[in-house]
1. Determine the dipole magnitude for segment 2-53: charges of +1 sit on the beta-carbon of Lys and Arg, -1 on that of Asp and Glu, nothing else is charged, the reference point is the Cα centre, and the result goes in debye to the nearest 20.
2. Rank Ser39, Ala16, Ala28 by how far each Cα sits towards the positive end of the charge dipole of segment 1-51 (+1 on Lys, Arg Cβ; -1 on Asp, Glu Cβ) and give me just the farthest.
3. Rounded, prolate or oblate: which one fits segment 127-209, using the alpha carbon gyration tensor with axes a ≥ b ≥ c (rounded when a/c is under 1.5, else prolate when a/b beats b/c, else oblate)?
4. What do you get for trypsin sites (Lys or Arg not before Pro) in segment 216-267 restricted to DSSP loop and a cutoff of at most 11 other Cβ within 10 Å of the site's Cβ?
5. Could I have the simple spin-label model distance between Val112 and Arg261, label points 7 Å from Cα toward Cβ, reported in nm to one decimal?
6. For Arg159, Arg277, what ranking results if the residue with the fewest other Cβ atoms within 10 Å of its Cβ goes first?
7. Using θ = phi - 60° and the Karplus relation 6.51 cos²θ - 1.76 cosθ + 1.60, list the HN-Hα couplings for segment 235-242 in order, rounded to whole Hz, with x at every Gly or Pro.
8. Rank these for me by crowding, Ile294, Ile14, Ile81, going from fewest to most other beta carbons within 10 Å.
Amino acid sequence: MEFFDAIDDANETIEAENAQRREQQQRATWGKRSRPPASETARLAAERAKLAELPPYRRITGPATQQRIRATLRAALNGAISQQLLTFNPASHVELESGKRPKAVLWSAEHVEHWRETGEAPSAVMVWTPEQVGTFLDHAEGDRLYALFHLIAFRGLRRGEAVGQAWADVNLGAETLRVSKTIVQDGWTPVESKPKTEDSEALMALGPGTTQVLLEHRVRQLDERRERLGKRLPWHETGKVFVQEDGAWLHPQKVSDVFRRLVREADLPPISLRDLRHVAATLIHAGGGDLHAIKETLRHGTIQLASDTYTSLLPQVDKEVARNAEAVVPRARHARPSGTPAHAPLTQDPVNH
């Protein structure tokens, strides 16, 4: 599924670059029939130079093409199984949507039970409950990438944005973070670039818990640096918040691999690292945020995009919040005998009772 997640990531980048090129094309075009005045000639030349530097228009890999890719992979892997090179065909278990944006679905107790019995998830986009998020973070706390997963879960950064985050854009005193760089894969090679859209570059607030986690992570990173230099081992001064043991860039795929391992170890229903970003939407809503707050935090281009993705999810979160609210209130009520109704039937005659 990671392969098709990467295709979806590439599609989002292509759509953003195409939109950016269309906007720049409008700025570089003189829409009137007359020739532009001299005062506009220099501006248009500068805008056209910017247009020339942008990537050309590209087509996304649509649902039909993805289905053909899946069919090809499945056939090739079946061939490998027949030659006894493999014993399992992972492509046969990949479910692709038919063109519509998949709806996010909460891992409710019923869904978890069904998954444990059948191995099937009800949607391509699954989201943990707040309790499941807590279980994961408690388990991951001992891992050196814990702060990265904590940041994505609460602030909704994309994988490339988290890997590309620089300390220079983090202000722990002001409890803010600016998303300004991303590290993505070109084939297998990590490449640094700007976030995919202007909306993605944003200053966001950090909660006190996240600020403390990043502070502890910073102290740990400085200790790692000091220890390596003390042993005369190399340290790469990349300035990134999340790095390898020698300070070099993290590989985005390594982050996904670590995340999957931690999920398995915690015995949680599976979600992808991409879905951990969606988890942030549930936590924002559970904390009182509406669709606009989700849009701003996750930096969706439109409120419609947030609505299309999360309208099916948020009522489930509301039910979870309602149950939790009732559970935190201690009650002194005595247990009723088995079979005794909780209240009088609505049809009961109060006079003759």
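Readers should treat all values here as calculations from the given coordinates under stated rules, not as data from a laboratory. Just so it is clear, the structure is predicted and the values come from calculations on it, not from any experiment. Note that we place each Cβ from the backbone using ideal geometry, even for glycine, and neighbour counts take in every protein chain shown.
1. That gives segment 2-53 a dipole magnitude of about 980 debye.
2. Most positive-ward Cα: Ser39.
3. oblate
4. Filter output for segment 216-267: Lys231, Arg232.
5. Going by the 7 Å Cα→Cβ label model, 2.4 nm.
6. The order, fewest Cβ neighbours first, is Arg277, Arg159.
7. 9, 8, 7, 8, x, 7, 5, 10
8. Arranged by neighbour count, lowest to highest, Ile294, Ile14, Ile81 become Ile81, Ile14, Ile294.
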